[in-house]
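Remarks on the structure that follows.
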Amino acid sequence: MKILIGAVALAAVLGAPAALAQADKPTIVLVHGAFADASGWNGVISQLNKDGYTTIAAANPLRSLAGDAAELSALVKSIKGDVVLVGHSYAGLVVTEAASGNSNVKALVYVAAFIPDVGESAATLSAKFPGSTLGDTLQPVDLPDGGKDLYIKQAKFPDQFAADVPLDVAALMAQTQRPITEAALGGVSTVASWKTIPSFSIYGSGDLNIPAAAQVFMADRAKVVKAVEIDNASHVLMISHPGEVVELIEAAAKAR
């Protein structure tokens, strides 16, 4: 028994530097957007984990901007140490709201995402520049409370949402997509956290949900630390280009 205890103690001592190194790294919180779920981050997570980062792929309810942000904010508050918030698509609004009042958020990373100013919504920003064809692909479902859930029609999902993803994978994504309420897409931002928190942006020139012109406008306005455009990438570049997304997230995590 004494030998066992000694071995455990020795292992703890030898492992201490590695543990301290990992503790110095911020937790990466990844937030999915509309018509998707947390599994879309799997490729990004596997690479971040290999590089020693702790990751959490948060479940985004997609019910209302205020409610979605409140749930994410509660998660961030529960995390000890620094956090990098990463939002895809609609979740750009959610991470922007949730960062407010959480001093442990050290960076924001927008992945094919909205970077909203106060008073803006996903609906207004997506219409600011031509090029989005999302509206023509949507299938509304009436809800008991009088609102509407919005899905992308399965037949149109691959071309609209994931054109650079293998067709069999895109077809599965279409069948497992999570709807967003019409009210959430119309939810108005109340804060622009990117004005005080270092922010980073990555997007694809082939995005049919949020046109590249809108992405350039939002990134320039936010004066992001770094903006990356990937030629011909679709709206789900965290799936089709996880390496580039990871590279930007890690740059944000290491920024001082």
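Report yes if residue 103 is polar (S, T, N, Q) and within 30 Å of residue 255 (Cβ to Cβ), otherwise no.
Taking the combined requirement at face value, the residue satisfies it.
Do we have any residue at all in the range 172-185 that's in contact with a His (Cβ under 9 Å, 6 or more places away or on another chain), over 18 Å from residue 99 (Cβ atoms) and at pLDDT 95 or above?
Among the residues of the range 172-185, at least one is in contact with a His (Cβ under 9 Å, 6 or more places away or on another chain), over 18 Å from residue 99 (Cβ atoms) and at pLDDT 95 or above, which makes the answer yes.
Return a yes/no flag: does the range 232-248 have any residue that is over 26 Å from residue 166 (Cα atoms) and either hydrophobic (A, V, I, L, M, F, W, C) or free of Cβ contacts under 8 Å to residues at least 40 places away in the same chain (or both). Give the derivation first.
First, the residues of the range 232-248 that are over 26 Å from residue 166 (Cα atoms): none.
No, there is no match, as no residue in the range 232-248 is over 26 Å from residue 166 (Cα atoms) and either hydrophobic (A, V, I, L, M, F, W, C) or free of Cβ contacts under 8 Å to residues at least 40 places away in the same chain (or both).
Of the residues in the range 71-117, how many are free of Cβ contacts under 8 Å to residues at least 24 places away in the same chain and assigned to a helix (DSSP H, G or I)?
Of the residues in the range 71-117, 2 are free of Cβ contacts under 8 Å to residues at least 24 places away in the same chain and assigned to a helix (DSSP H, G or I).
Of these, 164, 168, which one is among the acidic types (Asp, Glu), without any contact (Cβ under 8 Å) to a residue 12 or more places away in the chain and farther than 19 Å from residue 31 by Cα?
Numbers: 164 fails: without any contact (Cβ under 8 Å) to a residue 12 or more places away in the chain.
So the residue among 164, 168 that is among the acidic types (Asp, Glu), without any contact (Cβ under 8 Å) to a residue 12 or more places away in the chain and farther than 19 Å from residue 31 by Cα is 168.
Can you pull out the residues in the range 171-200 that are without any contact (Cβ under 8 Å) to a residue 60 or more places away in the chain and part of a loop (DSSP other than H, G, I, E, B)?
196
The values are calculated or read from the model by the stated rules, or taken from the named source; none is laboratory data. Everything quoted here is computed from the prediction, not taken from an experiment. Here the Cβ is made from the backbone with ideal geometry for all residues, glycine too, and neighbour counts use every protein chain on show.
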